[in-house]
1. Can you report the number of residues in region 195-225 which are in a helix (DSSP H, G or I) and either touching a residue at least 40 places away in the same chain (Cβ under 8 Å) or farther than 29 Å from residue 28 by Cβ (or both)?
2. Which of the residues that make up region 173-194 are assigned to a helix (DSSP H, G or I) and touching a strand residue (DSSP E or B) at 6+ places or on another chain (Cβ under 6 Å)?
3. Would you say residue 156 is among the hydroxyl-bearing types (Ser, Thr, Tyr) and at pLDDT below 95?
4. Which numbered condition in (1) buried (at least 16 other Cβ atoms within 10 Å of the Cβ); (2) touching a residue at least 60 places away in the same chain (Cβ under 8 Å) is the only one that residue 11 fails?
5. Starting from residues that are over 15 Å from residue 44 (Cβ atoms), without any contact (Cβ under 8 Å) to a residue 60 or more places away in the chain and in contact with a Ser or Thr (Cβ under 9 Å, 6 or more places away or on another chain), keep the ones in region 179-194 and report whichever is surrounded by the most Cβ atoms within 10 Å (Cβ to Cβ).
6. Can we say residue 33 is outside any loop (DSSP other than H, G, I, E, B), within 21 Å of residue 210 (Cα to Cα), more than 13 Å from the chain's Cα centre (by Cα) and touching a residue at least 60 places away in the same chain (Cβ under 8 Å)?
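The values are calculated or read from the model by the stated rules, or taken from the named source; none is laboratory data. All figures in this text were calculated on a predicted structure; none of them were measured in a lab. Note that we place each Cβ from the backbone using ideal geometry, even for glycine, and neighbour counts take in every protein chain shown.
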Amino acid sequence: MSNKKLPKAGSIQVSPSILSADFGSLADEIAQVEAAGVEMVHLDVMDGHFVPNITFGPPVVKKLRKYSDLFFDSHLMITEPGKYAEAFVEAGVDNITFHIETEKEPEKLIEKLHSIGCSAGITLNPDTPVETIKDVAPLCDMVLVMTVNPGFGGQSFMADAAEKIITVRELVGPDIRVEVDGGIDAETAPIVAGYGADTLVAGNAIFNKPDRAAAIQAIQQSAKV
């Protein structure tokens, strides 16, 4: 288990998504972005059911935890997040973000996560209205707005979906992190930051670059403009 705290809302955080990393060298890939100064890394968990792809589960997270002190920001793109949440926390994740589309009683899962020392986030897909999270978002530590359809990396940024960040930020106020995932790079970062996002998930824009530190810095600097 890990007991790291989510960085306070407001500061721009880049969370590199290891979905775009070399899975044969994950520990080294994470070490590179850690050396570049990021505080968190994004773990995309997919079950082949809620999304049409499969990535990894708690055993891989447990192995990675041995090699990194970063905040593990896990995004559960799975049908039954409540069933596996405790296993992921025991493996070493620090935050679990799950989809509003998968839980009939999201409040209970948020309460459970908090009770076992894990921060909680709620996610909504591009086609899901913000209205669906209005009751649970204030209970969370973070809200994740998807700006691509979940399941694969390297997709194009959906500008219409990004505009929902404005409404989400109004809903949760300044003390809850608003994360955005999908097509984030140095060009789109200032757009979403301007809408109110302070946590930027980036995959290809970091791991497809030879100089990961320069790529991270470019995203951070553009988001602060």
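1. 11
2. Matches in region 173-194: 189, 192.
3. Yes, satisfied.
4. (1)
5. For region 179-194, the residue satisfying everything is 192.
6. yes
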